[in-house]
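Read-outs: derived from the displayed coordinates by stated rules, not from any lab. Predicted model only: the values in this text are computed from it and were never measured. Please note: Cβ atoms are built from the backbone with ideal geometry, for glycine as well, and neighbour counts cover all protein chains shown.
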Amino acid sequence: MPKNERTGAKVASKASKTLRNSAASKTTKSLAGSALSQSRTKNKSSERAASLASKTLTSKGSSKSAKSLAGSVLTQRSASAFPVKSFAIIGSTLSKSERSAAVRKVAKKK
């Protein structure tokens, strides 16, 4: 199911400010660049950017700004392009072994 998502004006502005901020981390700047590149085009997030965004969203040490940019980057990644193993199951009631079994089952189908 293709999506026609684009980075909104508020997030694009935040991304621009992040890129100009000398104190911003390399990760945050990378996410900002990816989000900004999708603001006026139909570009999709790369696998590398989506993976970085996924790690940022699950990291406890990531800033609110970084997580906002990461959310934008993931929104613009087509659903069929996501590697199943890169997703954290947030708020899941499944045990670790149940999640692993689900991932193996899906991986076999591909």
Practice problem: Using the Karplus curve 6.51 cos²θ - 1.76 cosθ + 1.60 with θ = phi - 60°, work out ³J(HN,Hα) for each residue of the stretch 12-19 in order, rounded to whole Hz, and write x for Gly and Pro. | Solution: 4, 5, 4, 5, 4, 5, 5, 5
Exercise. Tell me the label-point distance for the pair A101, S16, using the 7 Å Cα-to-Cβ offset, in nm and rounded to one decimal.
Key: 5.2
Quiz item: Once the piece of chain linking A9 and K55 is laid out straight, how much longer is it, given 0.36 nm per residue of separation minus the C-alpha distance between them?
Solution: 14.1 nm
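How much length is gained if the chain between K26 and S46 is pulled fully straight, taking 0.36 nm per residue apart and subtracting their Cα-Cα distance, in nm to one decimal?
5.5 nm
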Self-check item: Cβ-placed point charges (K, R +1; D, E -1), dipole of the stretch 9-82 about Cα centre in debye, nearest 20
Solution: 180
